[in-house]
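The values are calculated or read from the model by the stated rules, or taken from the named source; none is laboratory data. No experiment lies behind these values; they were computed from the predicted model shown. Here the Cβ positions follow ideal geometry from the backbone for every residue, glycine too, while neighbour counts run over all protein chains shown.
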Amino acid sequence: MTQPRYKSATRYQLSALGRYKGLTVLAVGLALFAALLTVLPGWFMGDATDALQFAIDNGLGLTPTFVYYCLVILGVAGALFVTILAVGYSFAIITLRWERDARQEFFEIIQENSMSFHDQVDSKQLLAVAMQDVRWVRFSLNPALRNIITSLGSLVITSIFLAMIDWILGLLMLVGAPLYLFFAYRYAKKVEPVRRARSVQNEIITGISQEVFRGIEVVRAFGTEEYEENKFEEASKEYQRLQTREARLASFYIPHLIMTGITFIALLYVAYYVLLGAYQVSTLVRVLGLLASFDAFSFMLPRFLLVIRGANINAQRIVELLGWKDPLQEPGHSAAVDWSKDIIFRNVDFRYTSNDGENSTYALRKLNFIIPGGSRVALIGGPGGGKSTILKLLLRLYDPTKGKILIGGVNLRGVHTRDVRAAVGLVEQDIFLFRRSVKENIAFGCVGACEEEIIEAAQKAQAHEFIEKLPQGYDTIIGERGMTLSGGQRQRLAIARTLVQNPRLLLLDDSVSAIDAQTEFFLRKALDEVMRGRTSITVTQRLRTLLESDLIIIVDKGRLVSIGTHEELLESSEHYRRIFERLPGAFRHVKQPTTSGGAS
């Protein structure tokens, strides 16, 4: 999908209103109508008081006029109840639909970002943003914005009605209302950094919990339960401290004090003129009713302003993630590739990007080599040498920082990642299985695979026998990250997952390290069949793999050390001989070099 570019956090925050314009206009109109209905009972209470006073003065009892105004007030209250329900329902439809769409949009965009993004952004942060931040943005629209619209509408209408009674009362509201709003904004501004710190601290608590629960086996194995409990307790205490600080600020709630002062002055002013005979008691009742109705809405206004300001910070975090500029760019048109042709690395440099956004040291430097099409390649070298990075570049999880990777003469940058991953299969070293059925895990890379294809792939990967022994066979749900299976079983499922994809380029990252010798023998037979007629690259330290490879590439510290067949490297590369001689059983295959040899 095309990534949306939100120009600001505020635009993102208000994007829900733009998506459903008709419904938004209706909802805002209903909110303002609700503000009017809120004020009207106070006005009619004055009329009802006049009617009651007239009845008392003339000894008439409950007159039809008094009853009429009582019924009007009751009718307005009923209409207000229905209108508030309609407002709440309208805003709920708008914001809940937006929240659903926003989460889907976030999930799709983040999923499409390259691995450079995921190297920099922690998964716990992504989870917090997708769940908590999006929810807070929704809260800023409903109920916060909804109630602010009603409160401000009530403020304006109340001020107009008071001015109709006496221009002094209107002037009092004209001066008092901005003062009230100023202190409401100031209160929100003071509490905002505390809210932000509390949000960050909540992420820390979530992160500690997630790490401990995911690594519970390691925690128990090393007996560090007490250390983790103390760590969690300290984080919880800090969260409590921030909550206490926020509660302390809420205790000094100046905006409501200002509103109380306005009410007091207005009532004192009207009561004075009632005593002088300039106003009827009904005027005092009317003013009291108007101010009381507004006060019911205004009490929460600063808190809703706080929600909006806080949610703007949440929206900013979302916008930054959605607007992340990916260094891996998809081509406008995906080039056709003949995957049976030669693979050429031409002056390839690559470095990962660290979490703080700075470039780290180079993982690969000036790689130049050619892999003939259809050959079996063994990729060897010390830890951190760049072997897995080469596989990631071929899978186009990353693009080279400099240089080119050509396949059949086509630059891999010109091929859409979707087409690359449909043609290239990877069996990773760190096996990741999903909490789904065995069948779904095998078919993960080929969703449309039928049951016969899944079983055939499992048989080739020597996994069918142990799958059949599981409680529900292929329908058995695997535990989180496949922890209910042994290492060898997880690797065989990963190989089956790749085999069902039927890739044209096969990448194996030390894929038989956790498999016993007997299983490896049968698995090798299956891989021999799969590798026939297609290029395969295996990261390995296995003697048999080296002996059966058409080409061996040695990399160390990101640089090419040597390249050639097993026999050629034994003759020419001291580096290869040192690696080879340390492998179990290698002495049977070592020939004394005819020349002194040397590192190439």
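When you go through V67, V121, V87, V39 one by one, which is the residue that is in contact (Cβ under 8 Å) with a residue 24 or more places away in the chain and more than 38 Å from the chain's Cα centre (by Cα)?
Step by step, each of V67, V121, V87, V39 is checked, and only V39 is in contact (Cβ under 8 Å) with a residue 24 or more places away in the chain and more than 38 Å from the chain's Cα centre (by Cα).
Tell me yes or no: at least one residue of the range 424-438 is free of Cβ contacts under 8 Å to residues at least 60 places away in the same chain, under 30 Å from T484 (Cα atoms) and among the small types (G, A, S).
yes
Would you mind stating whether P302 is over 17 Å from S154 (Cα atoms) and not aliphatic (A, V, I, L, M)?
No, not satisfied.
For the range 316-332, give me each residue that is in contact (Cβ under 8 Å) with a residue 60 or more places away in the chain and not polar (S, T, N, Q).
The answer is R317, I318, V319, L321, L322, G323, W324, D326, P327, L328, E330, P331.
Restricting to the range 516-535, and then to whatever is surrounded by fewer than 22 Cβ atoms within 10 Å (Cβ to Cβ) and not in a helix (DSSP H, G or I), can you tell me which residue is modelled with the lowest pLDDT?
By that ranking, first place goes to D516.
When you scan the range 218-229, do you find a residue that is farther than 30 Å from I148 by Cα, assigned by TED's automatic domain parsing to the domain that holds D133 and buried (at least 16 other Cβ atoms within 10 Å of the Cβ), even just one?
yes
Among the residues of the range 89-111, write down those that are polar (S, T, N, Q) and within 16 Å of G22 (Cβ to Cβ).
From the range 89-111, those polar (S, T, N, Q) are 90, 95, 104, 111; that's our starting set.
Matches in the range 89-111: S90, T95.
Is it true that some residue in the range 276-299 is over 35 Å from the mean Cα position of the chain (by Cα) and among the acidic types (D, E)?
For the range 276-299, residues over 35 Å from the mean Cα position of the chain (by Cα) and among the acidic types (D, E): present.
So which residues in the range 163-218 are of a type in the set (F, W, Y) and within 22 Å of the chain's Cα centre (by Cα), if there are any at all?
F213, the sole residue that qualifies.
So the check is Cβ under 9 Å with 6+ separation or different chains; which pairs have a first residue in the range 173-191 that's under 18 Å from L291 (Cα atoms) and a second one that's aliphatic (A, V, I, L, M) and not in a helix (DSSP H, G or I)?
Final answer for the pair search is none.
Every residue, every condition in (1) within 30 Å of R138 (Cβ to Cβ); (2) among the hydrophobic types (A, V, I, L, M, F, W, C); (3) in the same structural domain as E105 (by TED's automatic domain parsing), yes or no:
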site: A27; (1), (2), (3): yes, yes, yes
site: F33; (1), (2), (3): yes, yes, yes
site: W43; (1), (2), (3): no, yes, yes
site: Q53; (1), (2), (3): no, no, yes
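Just to check your reading of the model, which residue among R497, R418 is assigned to a helix (DSSP H, G or I) and either touching an Asp or Glu at 6+ places or on another chain (Cβ under 9 Å) or not assigned by TED's automatic domain parsing to the domain that holds L367 (or both)?
R418
Are any of the residues in the range 555-567 assigned to a helix (DSSP H, G or I) and surrounded by fewer than 21 Cβ atoms within 10 Å (Cβ to Cβ)?
Scanning the range 555-567, I find at least one residue that is assigned to a helix (DSSP H, G or I) and surrounded by fewer than 21 Cβ atoms within 10 Å (Cβ to Cβ), so the answer is yes.
Of the numbered conditions (1) in contact with a strand residue (DSSP E or B) (Cβ under 9 Å, 6 or more places away or on another chain); (2) surrounded by fewer than 19 Cβ atoms within 10 Å (Cβ to Cβ); (3) closer than 16 Å to A461 by Cα, E451 fails exactly one; give the number of that condition.
E451 satisfies every listed condition except (1).
Name the residue that is modelled with the lowest pLDDT, counting only residues in the range 293-303 that are surrounded by fewer than 20 Cβ atoms within 10 Å (Cβ to Cβ) and part of a helix (DSSP H, G or I).
A296
Return yes when V194 is part of a helix (DSSP H, G or I), under 17 Å from I308 (Cα atoms) and without any contact (Cβ under 8 Å) to a residue 60 or more places away in the chain and no when it is not.
Yes: the conditions hold for V194.
Of the residues I308, I258, I265, only one is under 29 Å from I160 (Cα atoms), in contact (Cβ under 8 Å) with a residue 24 or more places away in the chain, loosely packed, with under 15 Cβ neighbours inside 10 Å and of a type in the set (A, V, I, L, M, F, W, C); which? Break it down stepwise before answering.
Working: I308 fails: loosely packed, with under 15 Cβ neighbours inside 10 Å; I258 fails: loosely packed, with under 15 Cβ neighbours inside 10 Å.
Every option except I265 fails the conditions.
Could we say that E192 is among the charged types (D, E, K, R) and modelled with pLDDT of 85 or more here?
So E192 does not fit the description; no.
Consider the range 404-431. How many of its residues are of a type in the set (G, A, S) and crowded, with 19+ Cβ neighbours inside 10 Å?
Total satisfying the criteria: 1.
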